Amino acid sequence: MADLLLDSSPLAPGRSPVRIHYRDTGDGPPVVILHGGWGYDAYPFDHQIAALASRHRIVIPDRTGYGRSEPIDTLAADFHQSAAEETLAVIEALHLDRPILWGHSDGAIVALLIGLQTSDRIAGVIVEATHYFRHKPASRPFFEAIVAKPRAPFLDVHSRTWIRIVDESAPGEDFYGGRLSELRVPVLLVHGGRDPRTEPGECEALSAALQTVPARTLLLSEGGHSPHSEPATAARVTAAAVSFVEEVRHRESPGVMHVTGPPSR
């Protein structure tokens with residue numbers, strides 16, 4: 001584990017420097033893991049690190065507000081875009097050459113926004129429990145319950161911001177400005193069929209938006225909001241991710257990586 005000092009971050013306006021804490025293990029082409037709204041420790045990637053770290057460098061930054069990174073007590077409704085800019089600054093500061101991004105939940109939005117904005121700086125994305133709609137009325141009671149009895153200080157801030165996003169968005173509005181079909185990096189979409197944060201029709205809308213993208217889907221009927229860490233699904237997610245990562249690296253360096261086969265669809 002280590003700390004990185006950024007000159008600035010849009011998640012902490014007016015502060016300099018901004019401290020980012022990150023986990024760093026393994027060696028080889030980089031994979032950057034972007035945690036969800038409850039922070040990394042809520043849904044750790046132990047299985048995937050064990051499978052990937054012998055051939056890849058795994059970097060896991062805590063976003064501003066989380067873990068041992070810079071504390072903040074406010075979060076703007078456009079925080080996913082700010083998080084994308086901060087993540088790109090971390091990638092640049094650590095000199096990570098075309099990493100594969102693995103984003104979970106909020107982190108999946110961040111990964112896709114980075115892919116849309118700077119596809120030349122990343123090699124591919126794995127997105128898990130991806131939010132597509134901004135307007136998520138079925139999830140509002142969940143965030144209200146956290147505000148009423150927060151489990152940790154920043155979860156209250158995060159949940160209040162999500163309530164604002166839900167209330168200020170129109171039905172059908174998405175996090176990507178209708179541009180997700182413009183994505184041009186390889187995508188592995190991982191989603192649990194029992195994910196309680198998924199609105200009716202959200203998976204279908206997400207899949208339709210990715211039809212023109214080099215994407216594959218691993219839909220796990222028994223999976224919840226974190227298939228990578230759930231006992232019933234972790235092994236399948238790990239196998240699919242390892243296969244995807246090796247295939248992406250093989251395309252970038254033909255003859256170096258061995259492709260083990262595509263993940264289940």
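Values quoted throughout were computed directly from the atomic coordinates according to the rules given, and no laboratory measurement underlies them. Since the structure is predicted, the reported quantities are computational estimates derived from the model, not experimental observations. Glycine gets a Cβ as well: all are built from the backbone with ideal geometry, and neighbour counts include every protein chain shown.
Hey, what number do you get for the chain at 222 nm if only DSSP H runs of n ≥ 4 count, each worth -39500 (n - 2.57), divided across all residues, to the nearest 500?
Values: 7 runs with 86 residues, N = 265.
Value at 222 nm, helices only, nearest 500: -10000 deg cm²/dmol.
Collect residues whose amide H, placed 1.01 Å from N in the peptide plane, falls under 5 Å from the amide H of LEU4; neighbours closer than 5 in sequence don't count.
The answer is ILE20, HIS21, TYR22.
Using DSSP to define loop residues, name the trypsin sites (Lys or Arg not before Pro) in region 79-177 whose beta-carbon has at most 16 other beta-carbon atoms within 10 Å.
ARG151
Quick one: which residues, 5+ away or cross-chain, put their amide H under 5 Å from the amide H of GLY26? H built at 1.01 Å from N.
Amide H neighbours of GLY26: ILE58.
Taking the Cβ of ALA148 as the center, what net charge do the other residues with Cβ under 15 Å away carry, scoring Lys and Arg +1 and Asp and Glu -1? All intermediate terms of the calculation are to be shown ahead of the outcome.
Details: positive: ARG140, LYS149, ARG151, ARG160; negative: GLU144, ASP156.
Charge balance in the 15 Å sphere: +2.
Can you tell me the Rg and the Dmax, both Å, for the Cα atoms in the chain?
Answer for the chain, Rg first and Dmax second: 17.3, 55 Å.
Once the dipole of the chain is set up with Lys and Arg at +1 and Asp and Glu at -1 on Cβ about the Cα centre, which of THR198, VAL157, LEU218 lies farthest towards its positive end?
LEU218
I'd like the antiparallel share, as a percent to the nearest 5, of DSSP beta bridges with both residues in the chain. Display every interim value, and only then the final one.
Details: 11 of 33 bridges.
For the chain, the DSSP antiparallel bridge percentage is about 35.
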